[in-house]
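The values are calculated or read from the model by the stated rules, or taken from the named source; none is laboratory data. The structure displayed is predicted, hence computed values, not measured ones. So basically every Cβ, Gly included, is an ideal-geometry build from the backbone, and we count neighbours across all protein chains shown. Ligands, DNA and RNA are excluded from the accessible area calculation, which covers all protein heavy atoms including side chains. Shrake-Rupley method; radii C 1.70, N 1.55, O 1.52, S 1.80 Å.
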Amino acid sequence: MSEVQPLAGDDDVRPQSVSLREAFWFWLKLGFISFGGPAGQISIMHQELVERRRWISERRFLHALNYCMLLPGPEAQQLATYIGWLMHRSWGGIVAGALFVLPSLFILIFLSWLYIAFGEVPVVAGLFYGIKPAVTAIVVQAAHRIGSRALKNNWLWTIAAASFTAIFAFNLPFPLIVLGAAVIGYFGGRMAPEKFRAGGHSAAKKSFGAALIDDDTPTPAHARFSWTKLAMLAVIGAALWALPMGVLTALFGWQGTLTQMSWFFTKAALLTFGGAYAVLPYVYQGAVGHYGWLTPTQMIDGLALGETTPGPLIMVVAFVGFVGAYVTQVFGADQVFLAGAVAAALVTWFTFLPSFLFILAGGPLVESTHDELKFTAPLTAITAAVVGVILNLACFFGYHVLWPQGFSGSLDWPSALIALAAAIALFRFKLGVIQVLLGCALVGLVVHLLR
């Protein structure tokens, strides 16, 4: 594809307009290289779109990111959708957001099939033996990373501790914890506003030259707020949710596996404040504890696969859907792969549909002001609660990995040493997630084959 590559010394020259076709090939490429979780994905977009191609200015990029971080859902995918929408209207946003997800979906369907069909093969089992302790360390790092950014004072620390206690000791449902944190943030933001001020991203301090969408670029006509457009989007969004849900209910009944998966992941999509790690406990409570679609061990393995593939980490829902439908043989014993693939596609649809609607409906409101977003106190409190929830998730993983027979059994020392080594690699040497997973997988393979 032809790429916009401004020359050094041409910083004051605004890049030429970008066609939707050019943008299509960039978003497709991004879908295959978006490793590293939200931070890595946002970094790649910043390097490509702000620094290299100069499709959007630093300030406009961060302003869009601030909005995406306030929403439930994967912020990197929503940011791609937002920029695609700003550049090329609704179809541009749909193309950007869809291509951020589709490569990951097809890769995960293939890997999920390999896992469920050949997971007991010694080589595959050995690789996962090493990956599981690494995932435990990765979740601990996620809690630390989010906590170091979110827990800025004793109020927020208290909320995090309370959320950990609520889910660890009392097994309260995740939606109730989110609601409680939001209420605390709502009133706390009025009683002590300085304690609940969102950190967000600071304003841009560096310019990389004139951008196609610059600080002073007027808001395009399609990005201006209109009640008519908002109503139309609401109707279309409701139809895109209700039609497939209606078909599933007619074919399989409300209690059918595919129908319940679609309904469950619709709810999960609206609870992903703080990223995928925050909603994983809710997915575990439902998919493992309530519905029994997969086992705790399979849940850990699914997260490992999600960590090693491009795209949003929340794409682990595709693994959950595939394994659940495959094992329960929704379409019969002769169509297990088809059942898994259909389920993976369905849960992906219902998980990401709200993300597109939030951007296409809320984008015009965000573009109406380039000042700091207001009313973020409830979301600040929710982010603090998310830290406690993620820490509980780390405890859950650690328990099942290090004591596979329960506390009545013995500690799995090789797994403990692999987890420790992974933590040192992540915290001390700042190695990437992919490097740590690959290294631990090889060690696990050696240990497993020598046993």
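Of note:
- If you go through region 131-150 and keep only what is open to solvent by 10 Å² or more (accessible area, probe 1.4 Å), at pLDDT 85 or above and hydrophobic (A, V, I, L, M, F, W, C), you end up with Ile131, Val140.
- Any hit, region 314-321, residues being under 20 Å from the mean Cα position of the chain (by Cα) and among the small types (Gly, Ala, Ser): yes
- Failed condition for Leu365, given (1) under 23 Å from the mean Cα position of the chain (by Cα); (2) within 26 Å of Met69 (Cα to Cα); (3) at pLDDT 80 or above: (1)
- Just one of the numbered conditions (1) assigned to a helix (DSSP H, G or I); (2) surrounded by fewer than 21 Cβ atoms within 10 Å (Cβ to Cβ) is not true of Phe322: (2).
- Some residue of region 156-173 being touching a Lys or Arg at 6+ places or on another chain (Cβ under 7 Å) and open to solvent by 60 Å² or more (accessible area, probe 1.4 Å): no
- Taking the numbered list (1) outside any loop (DSSP other than H, G, I, E, B); (2) free of Cβ contacts under 8 Å to residues at least 40 places away in the same chain in turn, Thr266 passes all entries but (2).
- Restricting Ala223, Ala242, Ala278, Ala234 to residues that are out of contact with any Pro (no Cβ under 8 Å at 6 or more places or on another chain), among the small types (Gly, Ala, Ser) and modelled with pLDDT under 90 narrows the list to Ala278.
- Those helices (runs of 4 or more DSSP H) lying entirely in region 12-103 with at least 2 residues at negative phi, under 22 Å from the mean Cα position of the chain (by Cα) and modelled with pLDDT of 90 or more: 20-33
- Among the residues of region 110-130, those that are of a type in the set (Gly, Ala, Ser) and either modelled with pLDDT under 85 or out of contact with any helix residue (DSSP H, G or I) (no Cβ under 8 Å at 6 or more places or on another chain) (or both) comprise Ala117, Gly119, Ala125.
- Check on Val347, open to solvent by less than 40 Å² (accessible area, probe 1.4 Å), within 26 Å of Ala137 (Cα to Cα) and either touching a residue at least 12 places away in the same chain (Cβ under 8 Å) or not in a helix (DSSP H, G or I) (or both): no
- Helices (runs of 4 or more DSSP H) fully within region 365-451 that include at least 1 residues being closer than 30 Å to Arg59 by Cα and open to solvent by 30 Å² or more (accessible area, probe 1.4 Å): 377-402, 433-450.
- Looking across region 52-90, just one residue is touching a His at 6+ places or on another chain (Cβ under 8 Å) and among the hydroxyl-bearing types (Ser, Thr, Tyr), and that is Ser90.
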